[in-house]
1. In this structure, is residue 124 in contact (Cβ under 8 Å) with a residue 12 or more places away in the chain, within 28 Å of residue 38 (Cα to Cα) and in contact with a strand residue (DSSP E or B) (Cβ under 8 Å, 6 or more places away or on another chain)?
2. Can we say residue 12 is surrounded by fewer than 20 Cβ atoms within 10 Å (Cβ to Cβ), modelled with pLDDT under 95 and either within 19 Å of residue 188 (Cα to Cα) or away from the ligand (no atom under 16 Å from the Cβ) (or both)?
3. How many of the residues in the range 228-249 are more than 20 Å from residue 162 (Cβ to Cβ) and either at pLDDT 95 or above or part of a helix (DSSP H, G or I) (or both)?
4. Which numbered condition trips up residue 143, out of (1) buried (at least 19 other Cβ atoms within 10 Å of the Cβ); (2) within 13 Å of the ligand (Cβ to nearest atom); (3) more than 12 Å from the chain's Cα centre (by Cα)?
5. Is it fair to say residue 94 is on the phi > 0 side of the Ramachandran plot and buried (at least 20 other Cβ atoms within 10 Å of the Cβ)?
6. Select from the range 146-161 the residues that are part of a strand (DSSP E or B) and within 14 Å of the ligand (Cβ to nearest atom) and write down the one among them that is modelled with the lowest pLDDT.
7. What tally of residues in the range 189-205 results from selecting those that are surrounded by 17 or more Cβ atoms within 10 Å (Cβ to Cβ) and either assigned to a strand (DSSP E or B) or out of contact with any strand residue (DSSP E or B) (no Cβ under 6 Å at 6 or more places or on another chain) (or both)?
8. Quick one: in the range 102-120, of everything that is at pLDDT 95 or above, part of a helix (DSSP H, G or I) and within 14 Å of the ligand (Cβ to nearest atom), which residue is nearest to the chain's Cα centre (by Cα)?
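The values are calculated or read from the model by the stated rules, or taken from the named source; none is laboratory data. As the structure is a computational prediction, the values presented were derived from the model and not from experiment. Neighbour counts are summed over all protein chains in view; Cβ atoms, including those assigned to glycine, are modelled from backbone coordinates with ideal geometry.
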Ligand SMILES: C[S@@+](CC[C@H](N)C(=O)[O-])C[C@H]1O[C@@H](n2cnc3c(N)ncnc32)[C@H](O)[C@@H]1O
């Protein structure tokens, strides 16, 4: 595994300069599965308002971390022991994260996102609404999974509306790949749940082809009424509001770790 500079020394929520080091996953895990290639999304810096900067300075040290070679002590970070933990990758502005978390207060929720203004929005709702079961990590969700979470340590992983990368030459950037499913499975405890949703028909076809590719994940389809965790995002998105027009169908996927 590559050793990144210690980003904990950067100003609150700032990426260290330059291209982030990337793990060679095939070498690391000794397999020939597919892993997403990061597009230029990695380098999006984003500007914050003065208020958001002040919010970051004050609250990020307690509620946020940068990608680092550091296995997170979940009990210490959340200040309680034995709670379930769900990681959401690509939380965007965190609207569904902040809407779901109060309905699952017994669960630690960790939102992973590259885009700082998105994290700033979520940080704002967490602070304003006194939500105490959300923490945030800034960095590539795949590297975060590998470096910061131990095998079989998570109860759930969520990926809601990942970037669809519609052009064929960009499909290799899609986050859902055979290697990602293998990695997610390795981080889930037995009985843990992977939940993916997309509103993009082409991405739905792509994921549908991969549902059975990882032997340690049992595909449960949708809906799965006995699912042991919250699956309702609590929000009517602009897509859902439009009903079931062809281009606005939301496809959901649930798997259980065997
Ligand atoms: C289309 S948005 C969806 C955001 C949110 N989940 C929602 O439903 O509104 C996809 C998000 O994933 C983030 N993202 C893309 N690749 C990522 C990666 N490798 N690690 C973490 N976040 C990523 C992007 O920055 C973007 O905010």
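1. Details: in contact (Cβ under 8 Å) with a residue 12 or more places away in the chain: yes; within 28 Å of residue 38 (Cα to Cα): yes; in contact with a strand residue (DSSP E or B) (Cβ under 8 Å, 6 or more places away or on another chain): no.
It is false that residue 124 is in contact (Cβ under 8 Å) with a residue 12 or more places away in the chain, within 28 Å of residue 38 (Cα to Cα) and in contact with a strand residue (DSSP E or B) (Cβ under 8 Å, 6 or more places away or on another chain).
2. Details: surrounded by fewer than 20 Cβ atoms within 10 Å (Cβ to Cβ): yes; modelled with pLDDT under 95: yes; either within 19 Å of residue 188 (Cα to Cα) or away from the ligand (no atom under 16 Å from the Cβ) (or both): yes.
It is true that residue 12 is surrounded by fewer than 20 Cβ atoms within 10 Å (Cβ to Cβ), modelled with pLDDT under 95 and either within 19 Å of residue 188 (Cα to Cα) or away from the ligand (no atom under 16 Å from the Cβ) (or both).
3. Result for the range 228-249: 3.
4. Exception for residue 143: condition (3).
5. yes
6. 160
7. Residues of the range 189-205 that are surrounded by 17 or more Cβ atoms within 10 Å (Cβ to Cβ), as a first pass: 192-200, 203-204.
Then drop every residue that is not either assigned to a strand (DSSP E or B) or out of contact with any strand residue (DSSP E or B) (no Cβ under 6 Å at 6 or more places or on another chain) (or both), which leaves 192-200, 203.
Within the range 189-205, residues that are surrounded by 17 or more Cβ atoms within 10 Å (Cβ to Cβ) and either assigned to a strand (DSSP E or B) or out of contact with any strand residue (DSSP E or B) (no Cβ under 6 Å at 6 or more places or on another chain) (or both) number 10.
8. It comes out as 119.
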